[in-house]
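Structure record follows, encoded as C-alpha cells.
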Amino acid sequence: MASFRFPSPVSARQAAAPVRLPPGYCNGAGWVPRIGDIFPDLDARTTQGPIRFHDWAEGRWTVLFSQPGAFTPVCSTELAGLAEIAADLDRRGVQVIGLAPDTVADLTAWCVDVSVMFGNPVRFPMISDPDGAIARACGMTHPKESPDLPIRKTLILDPALRVRMVFEYPLRVGRGTDEILRVLDALQERDRLDVAIPGDWQPGDPVLVPVGLSDDEADIRFGAGGWRALRRYLRVLAPAIGDRVGGTVALRQPCTH
Ligand code: BEZ
C-alpha cells in the first residue's frame, strides 16, 4: 500500500487520497495528466523498493507507463518490448518505471518470468498499486475500458517532471516501442534546438522553423540562409544543425530542400 504526503492545508478528502495533487488539479472530476502538467509526487512500493517519485524521477527523462495486470498476455509483451530497448533508452538518458495493480511479490515474479521467456532482463522498477489508488489519482483509468483496471497509458516526463507526451492505448492493443523512442528523440531535439518537429520525423531528418517566429527572427536564430521557405507557412532547416554558438545555430551543411 502506498503512503502519501500532502502540502498543507488539505481537506480531509484530499488527505485520504493517495497522490499529492496540486490544488489546481482537483476539479472534482479527477485529474487526467495533460501535456504541460507537473506530474504529482507520490510514495510507492516498487519491485526495487520504496520510492518517492519526484526524488526518483527529477533530473532525468522518464517513461512512466501503466498496465492492467501482471501475468497477462499483452502486458507481458509490452514489458518485454521495453526491456529490449533498455540500451536505446540508456543512450538517450531515459529511465523507465511501470505501474500495475498487483503486489510487489507478483510483479517481481512476473518480471523474472518475462525476462526468462523473452531473453531480456526487466531492469526497471514496477510500482505496486494493488488497490488502484495511484492509477485512479493519476488519471490512468478509463471507465469505458474497465471499471477498475488501469489502461495502457504512457507518459513521457522531462527532467523537470513536466508531462511532455501522453499516449493512451486500450486494454487489447499493446504499445509500440518505436514510437516511444521516436517521440523521445523528437522532444529532445525540439528542446535542444528550439525548433518544430515534422510529422513522421526521424533523427537526421530536417526540422522546421516554429510558428510564431518571423523571417527576421529565423535569420537571427538559425542564420541567414540557414532555412528555406517551401511556402510562407512551411520553413525548413537543414538536416544537420550545429550546436548553439552565441545564441545562434550554425548549419553544418546547406539545406537541400
Ligand atoms: C492483457 O494483457 O492482455 C490484458 C490484461 C488485462 C486486461 C485485458 C488484457
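Mind listing the long-range amide H neighbours of SER128? Cut-off is under 5 Å, sequence gap 5 or more, other chains count too, H placed in the peptide plane at 1.01 Å from N.
ARG45, THR46, THR47
Rank-order 211-219, 157-165, 40-48 by packing density, defined as the average count of other C-beta atoms within 10 Å over each peptide's residues, highest first.
40-48, 157-165, 211-219
By per-residue mean of other Cβ atoms within 10 Å, what is the highest-first order of 118-128, 93-103?
Top to bottom by mean Cβ count within 10 Å: 93-103, 118-128.
List the extent of the Cα atoms of the range 3-175 along each of their three principal axes, largest first, rounded to whole Å.
Projected onto its principal axes, the Cα set of the range 3-175 covers 49, 34, 27 Å.
Only the coordinates and a few stated rules stand behind these numbers; no lab work does. These numbers were taken from a predicted model, which means no experiment stands behind them. Using ideal geometry, Cβ is built from the backbone for each residue, glycine included, and neighbour counts are taken over all protein chains shown.
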